Amino acid sequence: MKKLLMLVPIIFAFACQPKSADQTAETDEKVQDPHSFAKPLEAVVKHLDLKINVDFDTKLISGIASWTIENPSKGDEIIFDARNLTISKITLGDDEKETTFSLGDEAKFMGQSLMVKIDEGTTKVNIHYTSSADAAAVQWLNPQQTAGKKHPFMFTQSQAILARTWIPCQDSPGIRFTYNATVTVPKELLALMSAENPQQKNAEGVYSFRQPNAIPSYLMALAVGDLEFKAVDERTGVYAEPVTLPKAVYELADLGKMTTAAEKIYGPYKWGRYDVLILPPSFPFGGMENPMLTFATPTIIAGDRSLVSLIAHELAHSWSGNLVTNATWNDFWLNEGFTTYFERRIVEDVYGKDEAKMQELLGYQGLQALVSEMGATNADTKLKVNFEGRDPDEGVSDIAYEKGYSFIRTIEEAVGRDKFDVFLRGYFDSHAFNSVTTEQFLSYLDSNLIKGDKALEAKINIDSWVYQPGLPVNSPPVSSAKFTSLDSLLNQWKKTGDISVLNDTLSTNEALYLISHLPSNISLQQMADLDKKFNFTSSGNSEIQAAWYTLAVRMKYQPAYPNIEKFLTEVGRRKFLMPLYKEMVKTPEGKEWAKKIYVKARPNYHSVAYSSIDELLK
Ligand code: BES
Ligand code: ZN
C-alpha cells in the first residue's frame, strides 16, 4: 500500500521530466516532489500559526499547527507529511470543528502521509500534535553538552525532509508559506526562530515570532537555550551562549560588510535583519541558512576570522535558496551551486581576489578527488540527480556545490561577468519567493542569456554539465598565485628534506593546501617535522584539525591520537566526522578504535550525523 502510494508521484514526476534544455520547461505547478506525500495541486498550505510548548524534561514539542489553506480542487482532503508525530485531534476553522483524519503506512525516512478530511470551503486546519522524544530534526542537549554547562539547549535542523518530525506540514521545497509562532520555553531560556526574533529573554518564557515572507518548510527552525545577543551593526548581529558570545562577535565582525557586499552584487537583502546564531559544537552542519537567522557551528570560530567564508555562504542563500528555491531535492544544485558561486563573489569583494582564488582551487581539487572516488560514470555526479526512493540527506555531496559552481563559472566565463551579473540579478528578481526546477532555470537561461546564440550554447555545453556524469572538459581554468608559490617551496622540501625551506607561518588556506598535497608515502618523521613547525595536531582551527587528523589516521601518526579522540567526541559536524571515521574503518584496528570512541561520542551527535556514522560502523 505504502509502496504504491510512493510510486504514483514518482512515476508522474520523472516520466515528464524533460531531458535536455531545448525541451519545454515545466511550470512550478506540475512538478510533484518525490519526497513529499502532499498534493499541492489539490489543496495547499499558505500560512502557519504555530503555538507550541517546548518541554526539556520529556523532550517533547507539543501544541497546535493551524494551517491556512487553499483548496483549488474543491476536494474533500488535504495531505500533510508527518513523521513520528502523535496527532490527538484535528479541527477545522476558527470555531475548531473536529474532523477526521488518517495516517498512511510508515515509510523509511519519508514518514507518513497525514490525510485530513476537509470541506470545499475549508480555509483553516488545526492540527493538535506532539512530537516524539527522538524526533530526527531535534537535538536535546544536557547542560554538560553546552559551552556554559549550566542550562540545557535544544535546536532543530529541518533540511532536507526533517521538518515533518517536529511540525505536521507539507514538507516540500516547492511549497511556501508565511508563519507566526508562539513558543513557550523554560523561563531561564531564550527561544529563537527563522523569523523576526527577540533580542533578550522575558520573564514569562513565552516568545512570539513572525515570518512575513513565504518560505518552504525546510527553513522552519527553532533553538532554545541560554542565549544572549550582541549587535554588529544596525541590521546584523550575533546570538550565542554568554561564554561564547565575545569570541563569536570578534570572529563575525564583518557580518555587516558581507551583507552590503552581497547586496551590491544581487540586489537588496529582502529579509529585514540578518543575524547568526552560534550553536553548541554538536550542530551537524557548518551552517544552515535559516531565514533571518543563520544557524552556525562554533567550529568556525578559529580566532583569526579565517573561516568566515562559511557565513558568506549562508548569507548568500538569502538570495539563492531562500528567495529562489530548488523545487525538489533533485534540483539541489540550484541551491548550493549558485550559493557557492555567490559565496566566492562575496569573499572576493570583502577579502580580495587571492582569498577567493585559493578557496576556488581547494574546492576544485576536492571536486576532482570526489569525482574520481565516486567514478566518472556515476549517475550521482550529474547536477540534476535522481534521489527517488533515497533519503535526500544521504545524497548530499560536493557535486551540487562544486560541480554546480564550475557550471556557473563556465557561464560567467562565456558571457563575461558584467553581463552575467545583470542576468543573475534579473533571475533572482523575477523568481523571488518562488521555487524553480532545473528545467525552469535552463529555460530562463535560454531565453535571457543564450537567446539562440549557437556558438555560446556550444561553448557552455549545458547538457554535459547538467545531465551527464563526471566533469566536462570545458571547466574554466582555476589557479592561485599563492598556491603556485607554495607549490615550489613544497617541491623544494620534498627534494631536499629540509623543512626550513617552508615559510614559518601558513594561512589557513595554505595549511589546507599543504596538507592535501603531501606525498602519499610521507614518513612519520616528516609528519613530526611538519607538526613541530606548524603545530597542526594542537591547532585551534577546525578545518586544519579535520584535514590533519584524517591524514594522521591514514599514516598511523600516533602523537595525534589523543587529540583525534577529543575532536571526535566534542565536535558533531558531519563534514569533519565522516572522512575521519571512513579513514578509521579501513583497517581492523582502526575500526575497533572508531567503535570505542563512538560509544562515548555518539550521544553528542545530532541524528543526521549519527545516522550516517551508524551505517559506517555497522
Ligand atoms: N543548506 C546547507 C546545509 C544542508 C544541506 C543541510 C543539505 C541539510 C541538507 C548549508 O548551506 C551548507 O551548505 N553548509 C555547509 C557550509 C558551506 C560553506 C559549504 C556545511 O555545513 O558544511
Ligand atoms: Zn549551502
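The values are calculated or read from the model by the stated rules, or taken from the named source; none is laboratory data. Quantities reported herein were computed from a predicted structural model and do not represent experimental measurements. Note that each Cβ is placed from the backbone with ideal geometry, even for glycine, and that neighbours are counted across all protein chains shown. Surface accessibility is based on the protein's heavy atoms, side chains included, excluding ligands, DNA and RNA. Shrake-Rupley method; radii C 1.70, N 1.55, O 1.52, S 1.80 Å.
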For region 372-383, indicate whether the set of residues that are surrounded by fewer than 17 Cβ atoms within 10 Å (Cβ to Cβ), among the hydrophobic types (A, V, I, L, M, F, W, C) and in contact (Cβ under 8 Å) with a residue 12 or more places away in the chain is non-empty. yes
Residues satisfying the stated conditions in region 480-522, i.e. among the β-branched types (Val, Ile, Thr), in a helix (DSSP H, G or I) and either closer than 26 Å to Leu370 by Cβ or under 35 Å from the mean Cα position of the chain (by Cα) (or both): Thr484, Thr508, Ile515
Please pick out the residue among Leu362, Leu307 that is over 29 Å from His431 (Cα atoms) and assigned to a helix (DSSP H, G or I). Leu362
Contacts under 8 angstrom Cβ, first residue in region 258-275 being in contact (Cβ under 8 Å) with a residue 40 or more places away in the chain, partner assigned to a strand (DSSP E or B) and β-branched (Val, Ile, Thr), 6 or more apart: Thr259/Thr236; Arg273/Thr236; Tyr274/Thr236; Tyr274/Thr294; Asp275/Thr236; Asp275/Val238; Asp275/Thr294
Note: among Trp329, Trp319, just one is near ligand 1 (Cβ under 9 Å from one of its atoms), open to solvent by less than 10 Å² (accessible area, probe 1.4 Å) and among the aromatic types (Phe, Trp, Tyr), namely Trp329
Meets criteria (in contact (Cβ under 8 Å) with a residue 24 or more places away in the chain, open to solvent by 10 Å² or more (accessible area, probe 1.4 Å) and out of contact with any helix residue (DSSP H, G or I) (no Cβ under 9 Å at 6 or more places or on another chain)) for Gln145: no
Tally time: how many residues in region 123-142 are assigned to a loop (DSSP other than H, G, I, E, B) and in contact (Cβ under 8 Å) with a residue 12 or more places away in the chain? 8
Subset of region 70-88 [closer than 30 Å to Ala136 by Cα and hydroxyl-bearing (Ser, Thr, Tyr)]: Thr86, Ser88
Please work out if His313 is open to solvent by 10 Å² or more (accessible area, probe 1.4 Å) and within 14 Å of ligand 2 (Cβ to nearest atom). yes
Please name all residue pairs, on different chains or six or more residues apart, with Cβ atoms under 8 Å, provided the first residue is in region 396-408 and is closer than 13 Å to Glu373 by Cβ and the second residue is outside any helix (DSSP H, G or I) and at pLDDT 95 or above. Ile399/Lys382; Ile399/Leu383; Ile399/Val385
Considering every residue within region 276-283, establish whether at least one is among the small types (Gly, Ala, Ser), within 19 Å of the chain's Cα centre (by Cα) and within 16 Å of ligand 2 (Cβ to nearest atom). no
Check whether at least one residue in region 264-277 is in contact with a Ser or Thr (Cβ under 6 Å, 6 or more places away or on another chain), farther than 22 Å from Phe441 by Cα, within 14 Å of ligand 1 (Cβ to nearest atom) and not in a loop (DSSP other than H, G, I, E, B), and report yes or no. yes
Residues that are over 25 Å from the mean Cα position of the chain (by Cα) and β-branched (Val, Ile, Thr), drawn from region 523-563: Thr537, Val553
Extreme residue, farthest from Ile597 (Cα to Cα), among residues of region 543-578 that are within 16 Å of ligand 1 (Cβ to nearest atom) and of a type in the set (Gly, Ala, Ser): Ala547
Look at region 365-390 and say how many of its residues are under 21 Å from the mean Cα position of the chain (by Cα), acidic (Asp, Glu) and not in a loop (DSSP other than H, G, I, E, B). 1
